[in-house]
Amino acid sequence: MTKTYEVRTYGCQMNVHDSERLSGLLETAGYAAFENPGSEESAADLVVFNTCAVRENADNKLYGNLGRIASVKAKNPGMQIAVGGCLAQKDRDTITTKAPYVDVVFGTHNIGSLPVLLERARIAEESQVEILESLEVFPSTLPTKRDSVFAAWVSISVGCNNTCTFCIVPALRGKEKDRRAGDILAEIEALVADGVVEVTLLGQNVNAYGVEFGDKQAFAKLLRACGEIEGLERVRFTSPHPKDFTDDVIHAMAETPNVMPQLHMPLQSGSDRVLKAMRRSYRQTKFLGIIDRVREAMPEAAITTDIIVGFPGETEEDFLETMAVVRLAKFTSAYTFQYSQRPGTPAADLPDQIPKAVVQERYERLTDLLDEVGTAQAQLQLGRTVELLVADHEGKKDGATRRMTGRARDNRLVHFVPGDHPVRPGDMVEVVITHAAPHHLVSDDAPLSYRRTAAGDAWETRQGRTEVGTPGAVTLGMPTLGAPAPLPPAPVCGI
């Protein structure tokens with residue numbers, strides 16, 4: 001009988017991207033997706049944990065989940081468990097000690113090795129641990145099983161050359177390694193031919209793309225080149241770094257019609273003193289200057305961010321500086337983090353760790369302000385006409401209200417009434433916003449227009465069957481959302 005598998009993903013969009021490749025690899029190796037993923041009573045023949053190491057409770061979460069599934073494995077001797085991702089890269093020597101029933105441990109640089117390692121573990125009847133220190137192959141060149149038929153992640157770089165004191169990611173993902181532009185564009189063209197209309201360019205520090213081959217304008221050039229791909233309707237990217245965000249990128253965004261007016265720009269702190277302690281090589285003035293120039297070039301742009309509360313040594317005055325930047329920047333929404341001590345990071349050994357009660361109180365003030373600012377930004381959308389790419393999922397109340405869900409060009413979530421149109425996921429509609437809620441927008445009027453797309457055709461074709469494509473043929477726990485208009489999976493490694 002065909003063996004079944006499930007991949008349980010934690011953390012950022014890079015992990016989501018990797019999990020799609022893991023699924024593709026497994027299906028290419030003859031596995032089939034398990035019909036009841038996440039069940040504690042039963043499990044697939046293979047369960048893969050793709051882990052994150054950014055948050056303080058990542059270790060506890062993994063070992064808790066492993067402990068629960070161990071009892072299922074005890075009843076099914078042929079079952080296998082694999083652990084990969086950032087936590088596996090970090091805890092390579094301890095996972096099989098704490099959880100000896102784990103069959104395979106693999107790192108961030110060798111996800112393509114999973115099928116071989118599983119077979120080795122089965123034959124040898126002992127755990128296989130393989131952690132590489134450098135990238136074996138770009139994840140995007142591996143077989144893939146995408147969650148969405150019309151939207152795709154495309155990795156343009158992996159690793160990070162920054163040394164932020166709170167972040168463990170560079171130690172786990174390595175130095176930045178850039179992909180050739182020709183390979184990236186060829187993958188995107190193949191995706192478009194397969195029905196994809198939206199791509200998100202991924203990198204730990206996406207706008208530093210080109211550093212490896214010495215071209216500071218490489219990212220802007222890549223955005224413009226994406227604009228030349230016929231059939232590609234939407235281009236997004238995450239996550240950029242303020243220190244590398246240059247005006248040529250702003251111009252490319254504004255002048256390339258299929259690059260969306262959306263920017264996720266991590267702030268982390270509004271205090272220059274804290275930013276220095278974080279080794280974030282920009283200051284409040286530079287950050288706000290970027291926001292001003294983006295809005296000057298794209299007045300309709302939605303800007304989101306990441307903020308850490310309670311970094312060691314943060315004073316009340318430092319925190320109030322962050323609050324001031326939130327008011328000035330007028331973020332649409334934000335991922336907010338309470339600072340977590342991560343062993344192996346410089347910040348973990350800093351003096352003046354902030355008491356939990358103080359961090360919690362500041363965190364609550366920040367999220368209240370973000371809610372206020374984000375709601376005000378959402379209210380500005382009332383009466384506006386927006387184009388939506390219809391999603392293949394529903395909101396909690398969409399069934400009862402007979403609404404569907406889509407994403408606007410600026411990535412805001414919109415629930416809408418399809419009217420008499422035979423709307424399919426992947427199609428495009430234009431709607432007028434009639435209601436603005438803290439975490440979404442609503443259109444209760446029939447769409448002004450409806451456009452069938454190749455993506456909708458691809459979605460329709462996919463119903464009832466699953467395909468595994470091979471881009472190679474063209475060859476962190478989740479943070480708490482602190483403001484309106486929910487974002488997609490956490491930005492890359494939350495940095």
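The values are calculated or read from the model by the stated rules, or taken from the named source; none is laboratory data. Just so you know, these numbers come straight off a predicted model, no measurement behind them. Here Cβ is always computed from backbone atoms with ideal geometry, including for glycine, and neighbour counts include all displayed protein chains. For the accessible areas, the whole protein counts, side chains as well, though only heavy atoms, and no ligand, DNA or RNA atoms are used. Shrake-Rupley method; radii C 1.70, N 1.55, O 1.52, S 1.80 Å.
Tabulated values for the structure
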{"read-out": "Dimensionless Rg ratio for region 229-269, taking C-alpha atoms and the 2.2 N^0.38 Å reference", "value": "1.28"}
{"read-out": "C-alpha center-to-center spacing [region 68-124, region 415-453] in angstrom", "value": "44 Å"}
{"read-out": "For Ser281, solvent-accessible area (1.4 Å; no DNA, RNA or ligand), Å²", "value": "70 Å²"}
{"read-out": "Environment charge at Arg283 (Cβ cut-off 12 Å; Lys +1, Arg +1, Asp -1, Glu -1)", "value": "+3"}
{"read-out": "Ser449 paired with Arg327, simple spin-label distance in nm, labels 7 Å along Cα-to-beta-carbon", "value": "4.1 nm"}
{"read-out": "Net charge contributed by nearby residues that have their C-beta within less than 10 Å of Arg273 (K/R +1, D/E -1)", "value": "-3"}
{"read-out": "Pair Ala348, Arg180: separation of 7 Å Cα→Cβ label points (nm)", "value": "3.9 nm"}
{"read-out": "Residue-wise HN-Hα coupling along region 221-233, computed from phi with Karplus coefficients 6.51, -1.76, 1.60 (Hz; x: Gly, Pro)", "value": "4, 5, 4, 5, 5, 4, x, 8, 7, 5, x, 8, 8"}
{"read-out": "Percent carbon-and-sulfur accessible area, region 138-275, ignoring ligands, DNA and RNA, probe 1.4 Å", "value": "51 percent"}
{"read-out": "Surface accessible to a 1.4 Å probe, per residue, for the residues of the chain, Å²", "value": "40 Å²"}
{"read-out": "Per-residue SASA entry for Arg327, accessible area with 1.4 Å probe, Å² rounded to 10", "value": "130 Å²"}
{"read-out": "Gap separating the Cα centres of region 165-227 and region 352-376, nearest whole Å", "value": "33 Å"}
{"read-out": "Sequence-distant residues sharing a close amide H with Gln128 (under 5 Å, placed H)", "value": "Val104, Val105"}
{"read-out": "Globularity ratio of region 92-234, using Cα Rg and 2.2 N^0.38 Å", "value": "1.23"}
{"read-out": "Alpha-carbon spread of region 85-147, three principal axes, descending order, Å", "value": "32, 25, 23"}
{"read-out": "Ratio of the Cα radius of gyration of the chain to 2.2 N^0.38 Å, where N counts its residues", "value": "0.96"}
